[in-house]
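Presented below is the structure to which this report refers.
The values are calculated or read from the model by the stated rules, or taken from the named source; none is laboratory data. Here the structure is a predicted model, which is why all the values come from computation and not from measurement. All Cβ positions, even for glycine, are placed from backbone atoms using ideal geometry, and neighbour counts span all protein chains on display.
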Amino acid sequence: MAWEILVSTDYGLFSLFVIAFVIVMSIWFSMFFSKKIREEERLNRK
């Protein structure tokens, strides 16, 4: 029942989109910030 509502209604599909977007955004932010931290540490060692 809940899966049918999730994939067959507009608000269900939008909810899936938002959930996927938040997951991808959190992965991107973690990669971005860890890259910046590594660059900053490398510059401070010199």
Residue 45 passes all but one of (1) among the charged types (D, E, K, R); (2) over 20 Å from the mean Cα position of the chain (by Cα); (3) modelled with pLDDT of 95 or more; which number fails? (3)
Contact list, first residue from the stretch 14-37 and under 30 Å from residue 4 (Cβ atoms), second anywhere and part of a helix (DSSP H, G or I) and not hydroxyl-bearing (Ser, Thr, Tyr), beta-carbon distance below 9 Å, six or more apart or interchain, is 15/6; 16/6; 16/7
